[in-house]
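Note sheet for the following structure.
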There are 2 protein chains.
Amino acid sequence: MRITVLAGGVGAARFLRGLRAAARDAEITVIGNTGDDITLSGMRVCPDLDTVMYTLGGGVSEEQGWGRAAESFTVQQELAAYGAGTDWFALGDKDFATHIVRTRMLTAGSPLSAVTETLCRRWQPGVRLLPMSDDPVETHVLIEENGSRRSIHFQEWWVRLHAAVPALEITPTGAAAATPAPGVLDAISTADFVLFPPSNPVVSIGPILAVPGISEAVRAKTVVGISPIIGGAPVRGMADACLAAIGVQTSAAAVAAHYGSELLDGWLVDEQDKAAVDDPELADIAVRAVPLYMRDLPSTAEIARAALDLAAELRA
Amino acid sequence: MRITVLAGGVGAARFLRGLRAAARDAEITVIGNTGDDITLSGMRVCPDLDTVMYTLGGGVSEEQGWGRAAESFTVQQELAAYGAGTDWFALGDKDFATHIVRTRMLTAGSPLSAVTETLCRRWQPGVRLLPMSDDPVETHVLIEENGSRRSIHFQEWWVRLHAAVPALEITPTGAAAATPAPGVLDAISTADFVLFPPSNPVVSIGPILAVPGISEAVRAKTVVGISPIIGGAPVRGMADACLAAIGVQTSAAAVAAHYGSELLDGWLVDEQDKAAVDDPELADIAVRAVPLYMRDLPSTAEIARAALDLAAELRA
């Protein structure tokens, strides 16, 4: 069985751990969002790719869901002493090594896909992890401050401003001119089905689908998504602030309608959102209600199994 | 009073601490050796500049004489886990921040002299620290292994091989094509006198003098040197292995003769080398014997005072 997953950060990484347990013999390819990528202190940081890699490789901070376990922050403190640090984005010492290896390889001319492969040789995530593109894509957020509008990097909006300032527009800058990374289109076209984990539809799955060629390839497949919204609220993060920017309600049904039946064949919602099963707006999408909180590995594997079952039914 | 000092690493840095104490009102310019510079894990490392900066800025590991006090090595251990580290060269986490700032600025196009000025803004070393050149110069060592000769970076010979393999040749690669960094020639020509601290004559002072224009400028000045050799042995490091490569004996007198009277006007030797005072080979150099062990700040300041006194006499 070949499964291809479009992935954001923490939610996707946790789901993937369950999927890996639920489908031990499957070949899983993960197409990671790189719209969150940012250059800080001269280091190229790929938060979503690293979260997937650290989580599946057993190095993640379980409490945070991102970054490395048992981190120290000496390098960042020293950079601050030089006036060269970034006080609003935590970069631990262990994490820095990843960014040093990545930045060095990128500077020497390696594409991000080759860098990611090298990093994964250490972490052995048990899936093939591909960046959506080797071309730089950065999600930018248009905000209004003191009456004037300016565009800032997604990370600045998300991490520094805690998404508290309304986003007027969210744009995956560079996506329209980007090319899918080597292996991405092939991983989609040869997959038995494609899964959307409970990732942010606007800033995680959205930028991946914005790379020309990817949404077309996905549309041709059986696609099952898992709602990142439960009971009208994001399970994690501030997806509501992102959905507001594109005029989509914060509900499991609205997110499915946003993707649309052209893209989505099946959609898992939590039991408390079971009204979506009979939502006439989702008539062309097979909606199923199951417990969706990823409390631990067994409950997450159950969700993955439900997604696989639905996909198998839809494909038959 | 304006004093310009050509400097290597640990010996020079300790001497400079004494000089700063002995000449509180002097404007001291330090021209640092960059022949030891090396790129490790994609980071540009300038060991001699950093040793001077950390020592005068109060951040050095006093036990080692180089590197930062109370260091940790998380980044290096993590790089090793990626197969991207250098196991023979210790790079601490605090130290890494310096290399990150430097590499980032160099990559962005800043010359090393501007980088050094930026780094010194934090450390406030109380001297003006200039790299000898903004052009890359790397000291290479020709060795013979298993019957075949190969050239390796000085650091590999010094740190990894502990200078145990004989050096057949020591070459400051790139020096002949290098230009003195901005301010270097001016700092020499406007100095009241020039000092050579007890640095390695072959791999510390040698590469500085190999940059076209510097030795000519130094020759025109009153120059006093402090012997790095006491009683036939280097006080620190493996200068004997370097001197052997250029056919110079490991003695205070032989090092003075190597510099020669064209360059050197005065030479301080330790009391146990007082025979050098009447050495006919050093007839054109004013040799003075004083206690030369830099045991602590007061004893080091005494040595600096002796050098300043000799320079003042010679200049008069």
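Worth a mention:
- Cα centroid separation, segment B:193-268 to segment B:1-68 (Å): 17 Å
- Here segment B:62-192 is treated with +1 on each Lys and Arg Cβ and -1 on each Asp and Glu Cβ, and its dipole about the Cα centre works out to around 300 debye.
- Within the protein assembly as shown, helix-based [θ] at 222 nm, where runs of 4 or more DSSP H residues each add -39,500 (n - 2.57), nearest 500: -10000 deg cm²/dmol
- Spatial separation of Cα centroids for segment B:127-183 and segment B:272-306, in angstrom: 28 Å
- Here's how it looks for A:Ala286: its modeled amide H is under 5 Å from those of A:Gly266, A:Trp267, which are all 5 or more places away or on a different chain.
- Label-to-label distance, B:Ala283 versus A:Asp87, with points set 7 angstrom from Cα along the beta-carbon direction: 6.8 nm.
- Put a plus charge on the Cβ of each Lys and Arg, a minus charge on the Cβ of each Asp and Glu, and nothing anywhere else: the dipole of the protein assembly as shown about its Cα centre is then about 160 debye.
- Cα long-axis angle, helix A:93-107 against chain A (0 to 90 degrees, to the nearest 10): 90 degrees
- The trypsin sites (Lys or Arg not before Pro) found in segment A:1-105 that occupy coil by DSSP, while having at most 12 further C-beta atoms within 10 Å, are A:Arg24.
- Paramagnetic reach from B:Ala176 (point 7 Å along Cα→Cβ, amide N under 20 Å) across segment B:200-226: B:202-217
- Along each principal axis, taking the top coordinate minus the bottom one, the Cα set of the protein assembly as shown gives 106, 64, 38 Å in descending order.
- Interchain or long-range residues, amide H under 5 Å from A:Asp134's placed H: A:Thr179, A:Ala181
- A label point on B:Arg128, set 7 Å along the Cα-to-Cβ line, lies at 6.0 nm from each of its counterparts in the other copies, closest listed first.
- Innermost chain B residue relative to the axis carrying B onto A, by Cβ distance in angstrom: B:Asp93, 3
- Short-range pairs are left out: with C-alpha atoms under 8 Å and at least six residues apart, the relative contact order of chain A is 19 percent.
- Under 30 Å of direct C-alpha separation, and excluding same-chain neighbours fewer than eight residues apart, B:Lys94 reaches these lysines: A:Lys94.
- Comparing B:Ile188, B:Ile31, B:Ile285 in a Gaussian network model of chain B, where Cα atoms under 10 Å apart are tied by springs, the biggest mean-square fluctuation is seen for B:Ile285.
- Interchain or long-range residues, amide H under 5 Å from B:Leu263's placed H: none
- Only alpha carbons enter this Debye calculation for chain B, each as an equal point scatterer, and the log10 of I(q)/I(0) it gives at q = 0.09, 0.11, 0.16 Å⁻¹ is -0.42, -0.64, -1.42.
- Other copies of A:Leu142: label-to-label distances in nm, shortest first, labels 7 Å along the beta-carbon direction: 6.6
- Inter-chain Cβ neighbour count for A:67-75, averaged per residue, equals 4 (cutoff 10 Å, partner chain atoms only).
- Mean separation of Cα contacts under 8 Å (6+ apart) over length of segment B:1-56, as relative contact order %: 44 percent
- Note that segment A:258-274 has calculated 3J(HN,Hα) couplings of 4, 5, x, 6, 5, 9, 9, 9, x, 8, 9, 10, 6, 4, 6, 10, 5 Hz, one per residue in order, obtained from phi through the Karplus relation 6.51 cos²θ - 1.76 cosθ + 1.60 (θ = phi - 60°); glycine and proline are x.
- Contour excess over end-to-end distance, with Cα ends at B:Ile246 and B:Ala114 and 0.36 nm allotted per residue: 44.1 nm
- Relative to the longest principal axis of the Cα atoms of chain B, the long axis of helix B:47-57 makes an angle of roughly 70 degrees.
- Label separation (B:Glu144 vs A:Ser72): 4.5 nm, computed from points 7 Å beyond Cα along the C-beta direction.
- Positive-end ranking of B:Thr86, B:Gly65, A:Ala13 along the dipole of the protein assembly as shown, with charges on Cβ about the Cα centre, is headed by B:Gly65.
- In chain B, excluding the sites themselves, the longest stretch lacking any of the GluC sites (Glu not before Pro) that are in a DSSP loop with at most 13 other Cβ atoms within 10 Å is B:64-261.
- The other copies place their A:Arg295 label points at 7.2 nm from this one, listed shortest first, where each point is 7 Å from Cα along Cα→Cβ.
Taken together, the values in this text are just the output of simple stated rules run on the coordinates, not laboratory data. This structure is a prediction, so every number in the text was calculated from the model and none was measured. We place every Cβ from the backbone using ideal geometry, glycine too, and count neighbours over all the protein chains shown.
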